[in-house]
1. With N set to the number of residues, divide the alpha-carbon radius of gyration of region 144-287 by 2.2 N^0.38 Å and report two decimals.
2. Less than 30 Å apart at the alpha-carbon level, and either on another chain or at least 8 residues along: which lysines does that give for K130?
3. Hey, can you find the accessible area per residue of the chain for me, probe 1.4 Å, expressed in square angstrom?
4. Rounded to the nearest 20 Debye, what is the dipole magnitude of region 383-465 about its Cα centre when Lys and Arg each give +1 and Asp and Glu each give -1 at the C-beta?
5. Place a +1 charge on the Cβ of each Lys and Arg in the chain and a -1 charge on the Cβ of each Asp and Glu, then give the dipole magnitude about the Cα centre in debye, rounded to the nearest 20.
6. Across region 330-470, what fraction of all alpha-carbon pairs, as a whole percent, falls in each successive 5 Å bin from zero upward?
7. Whole-Hz ³J(HN,Hα) for each residue in region 403-410, computed from phi via Karplus 6.51 cos²θ - 1.76 cosθ + 1.60 with θ = phi - 60°, x for glycine and proline: what do you get?
8. Output the Cα-based Rg and Dmax of the chain in Å, rounding Rg to one decimal and Dmax to a whole number.
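The values are calculated or read from the model by the stated rules, or taken from the named source; none is laboratory data. Only a predicted model underlies this, so the values are computations on that prediction, with no experimental measurement involved. Using ideal geometry, Cβ is built from the backbone for each residue, glycine included, and neighbour counts are taken over all protein chains shown. Remember, those area values only see protein heavy atoms, side chains included, never the ligands or the DNA or RNA. Shrake-Rupley method; radii C 1.70, N 1.55, O 1.52, S 1.80 Å.
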Amino acid sequence: MLVLVAGALLDRGRPALDAVRPESISATVRFLSDDLLEGRGTGTRAHAIAEKYVATRMQALGLRPAGEAGYLQQVKLCETRAQGQLIVDGAEVKDVLVAGDCGTLDRTVEGELAFAGYGQAGELPGLRGKIAMVLAGAPASLPWTQRALASSNEDKLKRLRAAGAVAEVVLTTPELEARRPWALLQRNFVNGQAYDADDLPPLPVVYLDLGESDRLRQRPGSRARLHLTQTSRSFESGNVIGLLPGDSQETIVYSAHLDHLGICAPGARDPICNGAIDNATGIAEVLEIARGFAALPKRERSVLFIAVTGEERGLLGSAWFVRHPTVPRERMIANLNLDQLLPAYPVGELVLRGAELSTLEDHVRAAAAELELLIVPDPVPEQNFFARSDQLNFARIGVPSACLWQGFSGPRGEAAFKDFRSNRYHQPGDEWLPAYDWEAAAQMARAELLVGISLLSGPRPRWKPKSPFR
């Protein structure tokens, strides 16, 4: 347990906290979410402009280039646009979405349908040569964080391939439909699917809407045929990486994703998903955190800042970075990832979102206590946020990680969160608004900054005994 004298972190961190400027956060969000940047789609010219902007800001703040070509690390990607038909016992299944895999352009996969539960180890039937029907999500009996991790379809595909399956059919559940309506998934398929070029999916995947899922689940043993056609292209998109060196090469990592959905509604009056909250806020706050660390007269440990690409396409930039790190993995002591921070109400709470899995929690609690913030349970654990952003990839390579969140901090915050999720999340309405509370954004940046100041000289975080990443 980290024990600090009351006020010690605030005294140490005062120059850094005073350097954080709410007007700078607002200006950064306003630029990155402007229509000029067309939603910062992964691999687009607009995303490249955003990369240059962030690299320039890092240089101005005194960060050293820590990419592979200056501040940039190019992520090699493959994008595929697929169409397909799923035929079961001679009849076509309606309302399907087919994910390509950058493989053969035109092929047919056939096999018997086999129900494989949630696709977890221990519940896979004999699948050799079969098409596996798998429920989205994970068993409700699991604790929320473990449930979020077990929901990963990437991990399910690897298990299905090892068990001999030839394709996967993902069945929508009522819980998933309530959280992520079918129309939202359809929108996410507009620009096709993208993968890291060195980590392509092992099986073709078909997604069904709720009605078709309920019907098909009742038909294990039926004969199914999937006909898939796809066009693919190779392209690149950049992670932007800067370093503030310290006395030690041990490194604290801050991350946020730079990309968003780009032109998400072609033909609409407003076709651009601007991504102001998701996630220009995270980038803006990371840059202010860097400003804060640069203002400190001494840093016992180094601090790395990464603006990753491809989060909206499947956590691709962070996955590439952890496989091709520009800082050795053993030097990374913790990852604090910032994603989807809503500056609509004063911050009074912190939600741990992964910090509880390691002694990183002690550093968060120490910072929260000095800032008089309450640590509260996640009010929306069913959203599985820990498994849905870039901290997951750092945790997978053994780096204690968290995606701290501001909680609701009362009814006003709850109403703002629900309004955003219903009316602007992954929609063209996610834009910079003058009514946003940019001092609240600065509050969140200072909280994340103070956690990092605790990490500068405090004990290196370790996974707790029951952590799935231990």
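1. 1.34
2. The reachable lysines, counting only those whose Cα sits under 30 Å from K130, are K94, K156, K158.
3. For the chain, the per-residue accessible area is 39 Å².
4. Computed about the Cα centre, the dipole is about 520 debye.
5. 980 debye
6. 2, 10, 19, 22, 20, 13, 9, 4, 1, 0
7. Calculated HN-Hα couplings, in order: 10, 4, 9, 7, x, 8, 6, x Hz.
8. Looking at the chain, its Cα Rg and Dmax stand at 22.2, 72 Å.
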